[in-house]
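**Q** Sharing a structure with you now.
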Amino acid sequence: MNGTLDITIPEEFTNVALVDYTDFSNANLSGGSGSDWTISGTNDVAIKNSVDHLSFQATTPAGYGVNTQWEFDTRFTGTGGKEVSGVDYITEANVLVQVTWESYNDAAHQNQDDLFDQAGEDTAYMFGKGYEASTAYHVGYYDGDGAKLLSDGVSSNSTGDLSSLCYFPTYQGSAVAGTWHSVVYKDGVASPPETYIASDPDSVVEDSFEVTAEAIPEFPTVISAIAVAGACGGIYFWMRRRLVYVKA
Amino acid sequence: MSRLRIILVASLVILGVLVVFTVFRPMVSGEKYSKVSRESVIQREDEWIIQYSIVNREGKDMNYIINWSAGGETYSERVLLKDGGIFTYIQHVYPETVKEGKAHLSIHKGGEATPFEESTYYIRFD
């Protein structure tokens, strides 16, 4: 009984608020504005099992990256049937910041698209938010067989946005249609492996999209048609010029 | 059909066959090799983009190692390219990453110590 729960949340978090404090009805939130947040509360009833509920929400500011380890210092002090000496950690929460990574069929990243099945849809424009600001990454692209086609060394901008693209016709005749994968790796941590690894723990995030054979043509049809037509027209014109008209 | 027209038709047929063979069955010398192609260096307002492709004509799957260094930082990546495959490497270069205005790239084939492709880029941001 009368145990005191104190949780310290780093000042970098915003929109901090209590969500469920059923077992700590007098819990209050203080701090922010340049100092760490603190949630304090007293348990309502004696803790008889290992579970008491107190939850809160918090938002990381833009620019903080994925896999950043945050520590929420949680301390519970109280007395009961057993004397407690000192302060014991109840738990430490590690927060995984989720980033986004999606494919689009336009350079402005307006049309999210997971299916590239037309001759005109020849580029997957990748875009995501929530990355560490101004940080170097490599994006690996893998075809339907898991073969690596492209590695794009690109950095996030000052607000943690990351973008990349894959132009399919480059891989005419060599890439396999099907489910392609775009996987982000942070420089200094890992580089895109030689072949696709599903849910690679070394990766930051990945996205998959379908690429059909129509999007990676075997041969540029337009160019071949123009070339052959031009050659035929040229030969015909030359031979016409050599015609000698004979007076009847 | 006049003889002239016959010659015209025959030449067009031969031309078409040659075009088809050029595309679908290109003549190769028989020599096995790897090469770097489609190399391009593009300048944008706030970055340079260096891009190239590796083509594997070794007759078998090949491993490559790409090494990139700029501004004291180094990066290395392994590539497994199947026979006849194409791999593209793109490196965006930003002002803060090229302190001395120089970047170096080398590509090693298999376990060879000597790179089969090596380039130094002198980059300046105005």
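**Q** Just the residues that are within 14 Å of chain A (Cβ to nearest Cβ), in a loop (DSSP other than H, G, I, E, B) and closer than 26 Å to A:Ala147 by Cα, please, taken from region B:71-126.
**A** Of everything in region B:71-126, those that are within 14 Å of chain A (Cβ to nearest Cβ), in a loop (DSSP other than H, G, I, E, B) and closer than 26 Å to A:Ala147 by Cα turn out to be B:Lys82, B:Asp83, B:Gly84, B:Gly85, B:Gly110.
**Q** Return the residues of region B:60-70 that are closer than 19 Å to A:Gly188 by Cβ and facing chain A (nearest Cβ under 9 Å); say none if nothing qualifies.
**A** B:Ile66, B:Trp68
**Q** Just give me the residues in region A:98-111 being surrounded by 13 or more Cβ atoms within 10 Å (Cβ to Cβ) and either farther than 17 Å from A:Val154 by Cβ or not small (Gly, Ala, Ser) (or both), in sequence order.
**A** So the first thing to find is which residues in region A:98-111 are surrounded by 13 or more Cβ atoms within 10 Å (Cβ to Cβ), and the list is A:99-105, A:109.
Listed by number, the residues that qualify are A:Val99, A:Thr100, A:Trp101, A:Glu102, A:Tyr104, A:Asn105, A:His109.
**Q** When the residues of region A:150-170 are filtered to those that are more than 7 Å from chain B (Cβ to nearest Cβ) and outside any loop (DSSP other than H, G, I, E, B), which remaining residue is surrounded by the fewest Cβ atoms within 10 Å (Cβ to Cβ)? Give the steps one after another, and end with the answer.
**A** Residues of region A:150-170 more than 7 Å from chain B (Cβ to nearest Cβ): A:156-169.
Checking which are outside any loop (DSSP other than H, G, I, E, B) leaves us with A:162-169.
Numbers: A:Leu162: 24, A:Ser163: 16, A:Ser164: 24, A:Leu165: 19, A:Cys166: 26, A:Tyr167: 12, A:Phe168: 24, A:Pro169: 15.
Restricting to residues being more than 7 Å from chain B (Cβ to nearest Cβ) and outside any loop (DSSP other than H, G, I, E, B), the top hit is A:Tyr167.
**Q** While we're looking at this one, here's another question. Can you confirm whether region A:239-248 contains a residue that is at pLDDT 75 or above and of a type in the set (Phe, Trp, Tyr)?
**A** No; the residues of region A:239-248 include none that is at pLDDT 75 or above and of a type in the set (Phe, Trp, Tyr).
**Q** Also, I was wondering about something else. Among the listed residues B:Tyr52, B:Tyr64, B:Tyr121, which satisfies the condition of being within 18 Å of the chain's Cα centre (by Cα) and either among the β-branched types (Val, Ile, Thr) or modelled with pLDDT of 95 or more (or both)? Show your work before the answer.
**A** Working: B:Tyr52 fails: either among the β-branched types (Val, Ile, Thr) or modelled with pLDDT of 95 or more (or both); B:Tyr121 fails: either among the β-branched types (Val, Ile, Thr) or modelled with pLDDT of 95 or more (or both).
Checking each option against the conditions leaves just B:Tyr64.
**Q** Return yes when A:Gly173 is assigned to a loop (DSSP other than H, G, I, E, B), closer than 24 Å to B:Asn67 by Cα and within 11 Å of chain B (Cβ to nearest Cβ) and no when it is not. Lay out the reasoning, then the answer.
**A** Numbers: assigned to a loop (DSSP other than H, G, I, E, B): yes; closer than 24 Å to B:Asn67 by Cα: no; within 11 Å of chain B (Cβ to nearest Cβ): yes.
So A:Gly173 fails the test.
**Q** Out of A:Asp152, A:Asp143, A:Asp161, A:Asp122, report the one residue that is within 16 Å of B:Ile49 (Cα to Cα) and among the acidic types (Asp, Glu).
**A** So the residue among A:Asp152, A:Asp143, A:Asp161, A:Asp122 that is within 16 Å of B:Ile49 (Cα to Cα) and among the acidic types (Asp, Glu) is A:Asp152.
**Q** May I ask you to list the residues in region A:126-145 that are small (Gly, Ala, Ser), more than 10 Å from chain B (Cβ to nearest Cβ) and out of contact with any Leu (no Cβ under 8 Å at 6 or more places or on another chain)? I'd like the intermediate steps shown before the answer.
**A** Narrowing region A:126-145 to residues small (Gly, Ala, Ser): A:128, A:130, A:133-134, A:136, A:140, A:144.
Next, from what is left, pick out any that are more than 10 Å from chain B (Cβ to nearest Cβ): A:128, A:130, A:133, A:144.
Passing the criteria: A:Gly130, A:Ala133, A:Gly144.
**Q** Restricting to region B:19-49, give me the number of residues that are modelled with pLDDT of 85 or more and in a loop (DSSP other than H, G, I, E, B).
**A** 4
**Q** Please specify each residue of region B:79-126 satisfying the condition of being in contact with a helix residue (DSSP H, G or I) (Cβ under 7 Å, 6 or more places away or on another chain) and of a type outside the set (A, V, I, L, M).
**A** The answer is B:Thr88, B:Phe125.
The values are calculated or read from the model by the stated rules, or taken from the named source; none is laboratory data. Given the structure is predicted, the values throughout are model-derived calculations rather than measurements. Methodologically, a virtual Cβ is constructed for each residue, glycine included, from the backbone with ideal geometry; neighbour enumeration extends over all protein chains shown.
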